[in-house]
Amino acid sequence: MPVVFRYRGFRFFFYSNEGSPREPLHVHVRSGSSEAKIWLDPQVQVAASFGFDAGTLRELVEVTQTNRVLIERTWHEYFS
């Protein structure tokens with residue numbers, strides 16, 4: 001489970017086994033027992049969330065958008 005970066009106690013990461021065929025570009029975010037999956041294409045948006053409130057999800061989408069280039073580069077390096 002490669003971690004892309006950490007932000008205020010949130011871990012942004014990929015699962016090594018992302019399905020076959022692999023799902024489109026996305027990142028998972030976890031803090032404690034809460035987790036979200038955020039799509040990056042065609043736009044940054046929440047795909048699924050368990051345990052995060054709406055305000056936290058808005059913040060996570062913003063952080064994902066801000067770090068989109070890093071996430072995309074890390075995704076392509078890891079999965080190619």
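What follows is calculated from the coordinates using simple rules that are stated; it is not laboratory data. The structure presented is a predicted model; accordingly, all values stated were derived computationally and were not measured. Glycine gets a Cβ as well: all are built from the backbone with ideal geometry, and neighbour counts include every protein chain shown.
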In whole Hz, what ³J(HN,Hα) sequence does the range 56-65 give by Karplus (6.51, -1.76, 1.60; θ = phi - 60°), x for Gly and Pro? 5, 5, 4, 5, 5, 5, 4, 5, 5, 4
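Would you work out the relative contact order for the chain, in percent, from Cα pairs under 8 angstrom that are 6 or more residues apart? Spell out each step's value before the answer.
Numbers: 106 pairs, mean separation 16.1, N = 80.
So the answer I get is 20 percent.
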Can you tell me the dipole magnitude for the range 1-66 around its Cα centre, using point charges on the Cβ only (Lys, Arg +1; Asp, Glu -1), in Debye to the nearest 20? 200
Taking R0 as 30 Å, what's the FRET efficiency between Arg6 and Gln43 from their Cβ-Cβ distance, rounded to 0.05? 0.80
What is the Cα coordinate range of the chain on the first, second and third principal axes, sorted by size from largest, in whole angstrom? 34, 23, 21
The chain - mean residue ellipticity at 222 nm from DSSP helices (-39,500 (n - 2.57) per run, n ≥ 4, rounded to 500): -10000 deg cm²/dmol
